[in-house]
Amino acid sequence: MSRYFALPVLGLCIAGLTLSGCASSSGLTGDSGDFPPTFERRISEIPFTDESGRAHELPLLGGFNVPRPQLADIDADGDFDLFVQEFTGEVMFFENTGEPGAPSFEWRSDQFAGLDVGEWFRLLDLDGDGDMDILAEERFSYVRYFRNEGSAQEARFVAAVDTLRDATGTPIFADRQNIPFLADIDCDNLLDLFIGRVDGTITRYESVGMDDNNVPQFRFVTDRFEDIEIVGENVSVHGANTMSFGDIDNDGDNDLLWGDFFEAGLLLIRNQGSCGSPSLRGEPQNWPLNNPIETSGYNAPVMVDFDADGDLDVFMGVLGGAFNANSTTIDNFYYFEQVAEGQFEKRAERFIYAVDLGSETIVKAADLDADGDLDLLVGNKIQPDNNKISRVYHYENTGSPTSPAFVMRGPVE
């Protein structure tokens, strides 16, 4: 992930503020005599191209470091919009302005609806009224409920309760480093709430409907759902975890994908029972079965039919676990398409393609080729593929002083 620091050259405004407009009203707001000036963030106004000639879709987004993705149709237009949590309390919102089969994501906000979601969030229809509600962390390790009091087309979230309680009135506790999930595991038309624990087990709650204040209530079922207990592959330790339920093998019941701090890949636990009588007691399998993924660990999956072809695809954010988290500071937002039953092809390691050269990058601008416009030098703190070095990269301005366009020319040797 690239985090851009301020430049001594105001005209560059590399953090997403317009470069050509920094001296005009398009980059500053208010009267020309106002001080201090205010800036407007712009993600895609200045074109950037990588060494292969591929254009960055959202070049000045800043990249990702620990993306926690979710997809949901927040505006009821028939396609998936994208939500990514990168920082505590904040959810980035990307509107899908395309259509099924031809998505196109536009950045809209760094803090969706102005909500503070703590360390995690889940979007789904909790009250059965046809629009998306939100469960999120209430500091520290409790569960907050945001009810959508708008519509399926225009969401308007209200903090309905800051501490979700079970049917006995006991607060529901969710370790804040873990990301819970909700799914109807037993096909009784009631949502189940699953909370991963740091000992590798799963706590299950089942919905018992809404209380008098239209807040969802859950009944405690077990602290050892299906006797699942995940430990590290090479060491007998437990850690932070996240999960996603979905019918990944298209046999009519919900299976489980599990990501763990001490697991370099994803684990699939198949449901070998039925929709009404689930059984997830088989051995976890490394996923995808045809070509298991390995990253730095703590992978956050989400299953959706992204391409609208009738089967589930998988998105995965790499949060970085026990296997050199610095190695995934660039390639950390995966998309896997299910191309045949049980067969997945990796389509992207950087699903949102932004300029990203690693952690804590610093930018300097200078006319390196004496052609009258500013070129860029970008240095990172640590090179993702070599923890012992950092690098400086050269972007040539192939545009003009007032209409810049940058092309990556590679590392400075």
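Observations, loosely collected:
- Under the Karplus curve 6.51 cos²θ - 1.76 cosθ + 1.60, θ = phi - 60°, whole-Hz ³J(HN,Hα) for region 106-117, x wherever Gly or Pro sits: 10, 5, 10, 7, 8, 9, 3, 6, x, 8, 9, 9
- Within the shell defined by Cβ-Cβ distances under 10 Å, the residues around D307 carry a net charge of -4, with Lys and Arg each +1 and Asp and Glu each -1.
- The chain - Rg over Rh from alpha carbon coordinates, Kirkwood radius: 1.00
- The magnitude of the dipole of the chain, with charges of +1 and -1 set on the Cβ of Lys/Arg and Asp/Glu and taken from the Cα centre, is near 1600 debye.
- Antiparallel content of DSSP bridges confined to the chain, in %, to 5: 95 percent
- Backbone HN-Hα couplings from phi across region 293-299 [Karplus 6.51/-1.76/1.60, Hz, Gly and Pro as x]: 7, 9, 9, 7, x, 6, 9
- Residue exposure sequence - E99, E57 - by fewest surrounding Cβ within 10 Å: E99, E57
- Sequentially through region 92-104, phi angles give Karplus couplings (6.51, -1.76, 1.60; θ = phi - 60°) of 7, 10, 10, 7, 7, 9, x, 8, x, x, 9, x, 8 Hz, Gly and Pro residues having no value and appearing as x.
- Using a Förster distance of 25 Å, the FRET efficiency for D367-K388 (Cβ separation, nearest 0.05): 0.20
- Spatial separation of Cα centroids for region 65-113 and region 246-261, in angstrom: 22 Å
Each reported figure results from applying straightforward, stated rules to the coordinates on display, with no laboratory input. Everything numeric in this text was worked out from a predicted model, so none of it was measured. Neighbour counts run over all protein chains shown; Cβ positions are idealised from the backbone, glycine included.
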